[in-house]
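These notes are about the structure you will find just below.
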Amino acid sequence: MSDAPVIITVAPVGAEVMPGQTPYLPITPAQLGATAAACEAAGAAIIHVHCRRDDGTNTHDVARFEEAYAAIRGAGNLIVQFSTGGAIGMSPQERIAPLSLRPEMATLTCGSVNFGEEIFENSVPIMRTILEEIRARGIVVELELFDKGHLSNARRLAREGRLSFPAHVDFVLGVPGGLEASVANLVDLVAALPAGCTWSVAAVGRAQLAMATAALVMGGHIRVGLEDNLYYAKDRLARNEELVERVARLAVELGRRPALPDEARRILGIGPPSGTGIGNRST
Ligand code: KMH
Ligand code: ZN
């Protein structure tokens, strides 16, 4: 059993949930800032950022990300991780545009995947484009794996010299069309990782809590938030900070504790949040 600190990522908004589904979705930069502060107080170390326009629609507009980034930075010390997945249908150029702001971290989804009725497209050329921008900006990458085959793509990019292992990996389980959220699948994925990788798990819906608990026992890290799960319990909508607080409490019960953002920076090989000279373990 691990007693290492657990890095809790909050994914507070995502691209799929719409404001009509819950009153707790942070839409504006100010709301993202307030969410960041509440989630840091509850035990989060990383915030995974998507942006919306005021009407709730998705945008990867650089100016909107800049406002959100400033609001989050002004609210505390969370590691800021930009999504490069964006929303289904965004072009690769749209998806990478906010990286010009040089966040400390950014995601790279390591392959295409059916996504409900749609396809989340991440061909090898798209992955190369995103990774090149991540590397050029000196940003630490989080490899997002929605299926086991995505690990093969990551290994291919490593063979091409575009990223290096060990890296930080997030398993996103339970997307309709991706790998199902089960303990057996999580154990299998973790066993398949290159030596020295750190990993976290995100899971859709009700499985979020179960997979987070499994990660605590297995020595992994956790992602929670409304991007992946709207409910605290059946028929009870969640606030982001409640989802963070619950897994932080479970961590302590299980002999671990939430990593502070600076501890998470050390674990992930990220330099201090200066905006320049950001350390980069994974690319
Ligand atoms: N919204 C999904 C299509 C990421 O943030 O890097 C993709 C996604 C992945 O959320
Ligand atoms: Zn996302």
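List of remarks:
- Taking the 1.4 Å solvent-accessible surface of the chain as the whole, the part contributed by carbon and sulfur is 53%.
- Mean separation of Cα contacts under 8 Å (6+ apart) over length of the stretch 99-163, as relative contact order %: 41 percent
- Of the Cα atoms belonging to the stretch 83-140, the radius of gyration and Dmax stand at 11.1, 35 Å.
- Stokes-Einstein diffusion coefficient of the stretch 119-160, Kirkwood radius over Cα pairs, 20 °C, 1.002 mPa s, in µm²/s: 195 µm²/s
- In the stretch 142-231 the Cα-Cα distances spread across 10 Å bins starting at 0 as 18, 53, 25, 4, 0 percent of all pairs.
- Charge dipole magnitude, Cβ of K and R +1, D and E -1 - the chain, Cα centre, debye nearest 20: 640 debye
- Top of ILE119, ILE96, ILE222 by mean-square fluctuation, Gaussian network on the chain, Cα under 10 Å: ILE119
- Cut-off 17 Å, label 7 Å out along Cα→Cβ of LYS148, residues of the stretch 90-111 by amide N: 111
- For the stretch 133-283, the Kirkwood hydrodynamic radius from C-alpha pairs, put into Stokes-Einstein at 37 °C and a viscosity of 0.692 mPa s, yields a diffusion coefficient of 201 µm² per second.
- Normalised per residue, the accessible area of the chain is 39 Å², obtained with a 1.4 Å probe and no contribution from ligands, DNA or RNA.
- The 3J(HN,Hα) values that the Karplus relation (6.51, -1.76, 1.60; θ = phi - 60°) gives for the stretch 143-154 are, in residue order, 7, 9, 10, 9, 7, 5, x, 5, 5, 4, 5, 4 Hz. Gly and Pro appear as x.
- Each peptide in 168-181, 185-198 gets a packing score, the mean of other Cβ atoms within 10 Å over its residues, and the list from highest to lowest is 168-181, 185-198.
- Looking at the stretch 164-236, the trypsin sites (Lys or Arg not before Pro) that sit in a DSSP loop and have at most 11 other Cβ atoms within 10 Å of their own Cβ are LYS234.
- Most to least packed among 251-262, 139-150, 208-219 [average Cβ atoms within 10 Å]: 139-150, 208-219, 251-262
- Calculated on alpha-carbon atoms, Rg and Dmax of the stretch 24-128 in Å: 14.0, 40
- Convex hull volume of the Cα atoms of the stretch 93-193, normalised per residue: 95 Å³.
- Here the relative contact order of the chain, from alpha carbon pairs under 8 Å that lie six or more residues apart, stands at 24 percent.
- Listed residues HIS60, ALA106, ILE119: farthest to the positive end of the dipole of the stretch 36-129 (Cβ charges): ALA106
- Helical mean residue ellipticity (222 nm; -39500 (n - 2.57) per DSSP H run of 4+; nearest 500) of the chain: -11000 deg cm²/dmol
- Radius of gyration and maximum dimension Dmax of the chain, Cα, Å: 16.8, 48
The values are calculated or read from the model by the stated rules, or taken from the named source; none is laboratory data. Because the structure is a prediction, the values reported are computed rather than measured. No Cβ is skipped: glycine too gets one built from the backbone with ideal geometry, and neighbour counts run over all protein chains shown. Accessible surface is based on the protein model in full, side chains and every heavy atom, while ligands, DNA and RNA are left aside. Shrake-Rupley method; radii C 1.70, N 1.55, O 1.52, S 1.80 Å.
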